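The values are calculated or read from the model by the stated rules, or taken from the named source; none is laboratory data. Note that the coordinates shown come from a computational prediction; the quantities given were computed from them, not determined experimentally. When we count neighbours, we look across all protein chains shown, and the Cβ atoms used for this are built from the backbone with ideal geometry, even at glycine. Heavy atoms of the whole protein, side chains included, go into the accessibility calculation; ligands, DNA and RNA do not. Shrake-Rupley method; radii C 1.70, N 1.55, O 1.52, S 1.80 Å.
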Amino acid sequence: MKTPICLSPCSGGNAEDPSADDPYIDFTKASYDFEVTQILDKIEQIQTQKNQTGDFSPILVGLQFPEGLKKHAVELSFLIENITGASVLISADPCFGACDLDAALISKTDVMFHFGHAQLEHTDLEKKVCFIETRSKVDVNPAILSALALLPEKKIGLVTTVQHVHQLENVKSILEDAGKTVVIARGDSRTPYPGQVLGCNFSAARPSKGDCDVYLFIGSGRFHPIGVALSSKKRVVCADPFFSEAFELDFRKFLMQRSAVIGNSMDAETFGIIVSTKNGQCREKLAQRLKEKANAHGKQAVILRMDLVTPDQMLNFPVGAFVNTACPRLAIDDSGRYPVPVLTPQEFEIVLGERDWEDLILDEILEGERE
Ligand code: SF4
């Protein structure tokens, strides 16, 4: 088996990628669908429109990939330039999700192809962007058949990341053949596909969206299923198609880690509230509300704005703890790398005494929240 790769923290898409060691791949054999034909057609269409204005210069095409797919950028760029005659510019900055579009590259190019994520928002920024979701071609059936043994309940809610949403109807049939009733609920507009969850949005897993007895998460990694479990208060079974295995989610270790982060923040008097300026993460109003909450409890708080949030950027701010309003995964995935504790907004409320520990949920960025 090849080493699994991770597309991005957003997709959580670990995959056994047959092309993982070879950047010069036949895209038709890649384990993700790069939609090369559609990309070439789109470029030809835009070039034709440009030619009709009397401008016959080659169009400029931008490409943006999450880290796990960047190895294919060079080959795809050559392919596009050779076949279409367009000029390609590749975004080399880190990319974590559709919340993190390269605005400078978009402004410079006629079209930008963003790989690995579904469209998140519908602002002016997205108008020149084509989202290539890179659906996984891996067979999910063996993992689902393994999961059945862990699912005595009757009514099952299905959730997954965008890489597998096209498999949900197939999975539903397997479960129905086994006598189950299946719920595939639609979340809010930041998750455009029924059953889709993001690392910052579990709205497809709310009881109000269609109640069920248990959730079955299809994908890899623990972050998304933990979010589903905390959001829904239901048991979660995970089916990992890349390893053809299933297991019941156990997140006691996660809760212990978060309990320690909260405990270590209790004596802090000054808080740094982190705001990312990235297009789909920026929550300035939330940061302002958190600052007001801190003040109301006799604590001090400052708002720290930045694009990319890294531990190194935090070293010189003398605060007792940070509160993260940027990508919710930052506070969780990198927690041990920061100089002081990094809380989620909900954990900050626990520190302030405004929320009970039993009501802990993962932070989410929901539809309309950034307006
Ligand atoms: S903010 Fe949401 S969409 Fe963006 S990388 Fe984080 S989890 Fe993914």
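Could you work out the local net charge near T134, counting Lys and Arg as +1, Asp and Glu as -1, over the other residues with Cβ closer than 9 Å to its Cβ?
Combined, the nearby Lys, Arg, Asp and Glu give -2.
Output the Cα-based Rg and Dmax of the range 258-359 in Å, rounding Rg to one decimal and Dmax to a whole number.
Rg, Dmax (Cα atoms, Å): 12.3, 34.
Whole number please: convex hull volume per residue, Cα atoms of the range 179-230, in Å³.
In the range 179-230, the Cα convex hull volume per residue is 82 Å³.
Placing +1 on the Cβ of each Lys and Arg and -1 on the Cβ of each Asp and Glu in the chain, which of F202, F65, L40 has its Cα farthest towards the positive end of the resulting dipole?
Looking along the dipole axis, the top candidate is F202.
Can you divide the C-alpha Rg of the range 53-116 by 2.2 N^0.38 Å and report the result to two decimal places?
Output field value: 1.13.
Roughly how big is the range 195-349's charge dipole about its Cα centre, with Cβ charges of +1 (Lys, Arg) and -1 (Asp, Glu), in debye to the nearest 20?
380
So what's Rg/Rh here for the chain, counting alpha carbon atoms and using the Kirkwood radius for Rh?
Across the chain, the Cα-based Rg/Rh ratio is 0.99.
For the chain, set up a Gaussian network in which alpha carbons nearer than 10 Å are linked by springs, and say which option among L63, L360, L158 fluctuates the most.
In the Gaussian network model the winner is L360.
What accessible area per residue comes out for the chain, rounded to a whole number of Å², with a 1.4 Å probe?
Heavy-atom SASA per residue in the chain reads 43 Å².
For the chain, which whole percent of the accessible surface, found with a 1.4 angstrom probe, sits on carbon and sulfur atoms?
On the chain, the fraction of accessible area on carbon and sulfur atoms equals 51 percent.
If you take every residue apart from P194 with its C-beta less than 14 Å away from the C-beta of P194, what net charge results, scoring Lys and Arg +1 and Asp and Glu -1?
That works out to +3.
How large is the convex hull of the Cα atoms of the range 282-330 per residue, expressed in Å³ as a whole number?
For the range 282-330, the hull spanned by Cα atoms encloses 81 Å³ per residue.
How high is the relative contact order of the chain, in percent, with contacts defined as C-alpha pairs under 8 Å that are six or more residues apart?
The normalised contact order for the chain reaches 13 percent.
Using only alpha carbon pairs under 8 Å that are at least six residues apart, calculate the relative contact order of the range 293-371 and give it in whole percent.
Relative contact order of the range 293-371: 25 percent.
Summing Lys, Arg as +1 and Asp, Glu as -1, what charge do residues with Cβ under 13 Å from the Cβ of D110 carry, D110 excluded?
+3
Please report, in whole Å, how far the alpha carbons of the range 140-243 spread along each principal axis, starting with the longest.
31, 27, 21
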